[in-house]
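Chemist: There's a structure below that I have some questions on.
The values are calculated or read from the model by the stated rules, or taken from the named source; none is laboratory data. Since the model is a prediction, treat every value here as computed from it, not as a measurement. All Cβ positions, even for glycine, are placed from backbone atoms using ideal geometry, and neighbour counts span all protein chains on display.
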Amino acid sequence: MKTLGLVAGVATAALMASTATAQEVTLRIQNHYPAESTSGRLSGQFVEDVEVMSGGEIDIELFYSSSVVATVETFDAAASGILDCDMTGGAYQTGKNPAFQFVGDIMGGYDTPYQQLSWLYHGGGLEKAQELYNAHGMQLIGWWIYGQESMSSSKPLAGPDDLKDWKFRSPPGLETEIFAELGASPIVMDFTEVFTALETGIIDGADASGLANNVGLGLYDIVKHATYPGFHSMPSDHLACNKTVWDGLSDKHKRIIDTAMQKLSLQTALTFEKANAEAAAKLRAEGVTLYDWSAEDRAAFRKGAQAAWEGWAEKTPEARALVDSHKDYLAQLGLIAD
């Protein structure tokens, strides 16, 4: 009996020690959205899902609105250990390698979030992207894609002619080149600076986010023109974690986070399909003019964007690999000709 009691005591102590260790897992994650925005609320649900599914073993500290470091610095902050994970997007890292453009914002590519996600999970995308992330000390966990973005403006944006001399906030990378070719004046600035820059007239407009997120940012309190449905840009926000931190997680915890991420991916696409339509109706009623570019204007943009891919593909072997992968998969989906 004493032996059984001793064994039971050791087992209980081991279980308690294991539980205590598991409960010490804390991940510090930053995104660039306000907590009250649609994406902010969805990322908050992701945190809750992970914490509930792990039984409290994983605690996530989520920092909204790039409150620890600037948006473009989030990736480096995670890679260096200031944060554990980055929940912004790969397109902010094109300065490290142009290949990040094609895991961040494949401009003029896919029509829907579902098509873009299918490249990641069924087109060999995750494996190819992982090589790029791992080379910078990070692990790509997954994407959350809200759909085509809407450009917001203080001036009409009825078609390509209206882009001439149009000063707008642009993320860094391929977009600046494409729009400069169309006659616009892209200005790269942090996501969090958009509202003030519009308010003070530093810029005429912004490529910030999808329509519903733009409403959450308060952009249409200032400007009264927008493109909708969007066509030019469908960024993949990502969850990417410090590789050492990720490798140190248990298989159980990795599976929980991956599962929660895939739920976030689906719910983001579904939520914004509805939220953007509701936002459009509300904005029209409030006097905001929404511009649906013609099929011809959209086709001209997509053709120009895809031509620009080739220039970027030549910059690094990693960029070439990703561009070729996208082109092959887009052809399989019938979105571009072989």
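Chemist: How many residues does the range 164-195 hold that are within 23 Å of G218 (Cα to Cα) and of a type outside the set (S, T, Y)?
Modeler: Residues flagged as within 23 Å of G218 (Cα to Cα) and of a type outside the set (S, T, Y) within the range 164-195 amount to 15.
Chemist: Test of understanding: among E24, E36, E73, E57, which residue is touching a helix residue (DSSP H, G or I) at 6+ places or on another chain (Cβ under 9 Å), of a type in the set (D, E, K, R) and modelled with pLDDT under 95?
Modeler: None of the others qualify; the one that does is E36.
So that you can scan it fast, the table gives a plain yes or no per residue for (1) of a type in the set (S, T, Y); (2) more than 30 Å from G216 (Cβ to Cβ):
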residue	(1), (2)
T268	yes, no
L283	no, no
A308	no, yes
V323	no, yes
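Chemist: Sticking with this one: Inside the range 117-199, counting only helices (runs of 4 or more DSSP H) that do not spill past its ends, which hold 3 or more residues that are at pLDDT 95 or above and not assigned by TED's automatic domain parsing to the domain that holds I106?
Modeler: Passing ranges: none, list empty.
Every residue, every condition in (1) of a type in the set (S, T, Y); (2) free of Cβ contacts under 8 Å to residues at least 12 places away in the same chain; (3) under 19 Å from S118 (Cβ atoms), yes or no:
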{"site": "P229", "(1), (2), (3)": "no, no, no"}
{"site": "H232", "(1), (2), (3)": "no, no, no"}
{"site": "N242", "(1), (2), (3)": "no, no, no"}
{"site": "R255", "(1), (2), (3)": "no, yes, no"}
{"site": "D258", "(1), (2), (3)": "no, no, yes"}
{"site": "L264", "(1), (2), (3)": "no, no, yes"}
{"site": "E273", "(1), (2), (3)": "no, no, yes"}
{"site": "N276", "(1), (2), (3)": "no, no, no"}
{"site": "R284", "(1), (2), (3)": "no, yes, no"}
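Chemist: Then there is this: Can you tell me which residues in the range 134-172 are on the phi > 0 side of the Ramachandran plot and surrounded by 24 or more Cβ atoms within 10 Å (Cβ to Cβ)?
Modeler: G147
Chemist: Right, something else. Tell me the strands (runs of 3 or more DSSP E) entirely within the range 209-315 that contain at least 1 residues that are surrounded by fewer than 19 Cβ atoms within 10 Å (Cβ to Cβ) and among the polar types (S, T, N, Q). Full working, then the answer.
Modeler: Details: elements: 225-227, 237-242, 289-291.
The qualifying strands (runs of 3 or more DSSP E) are 289-291.
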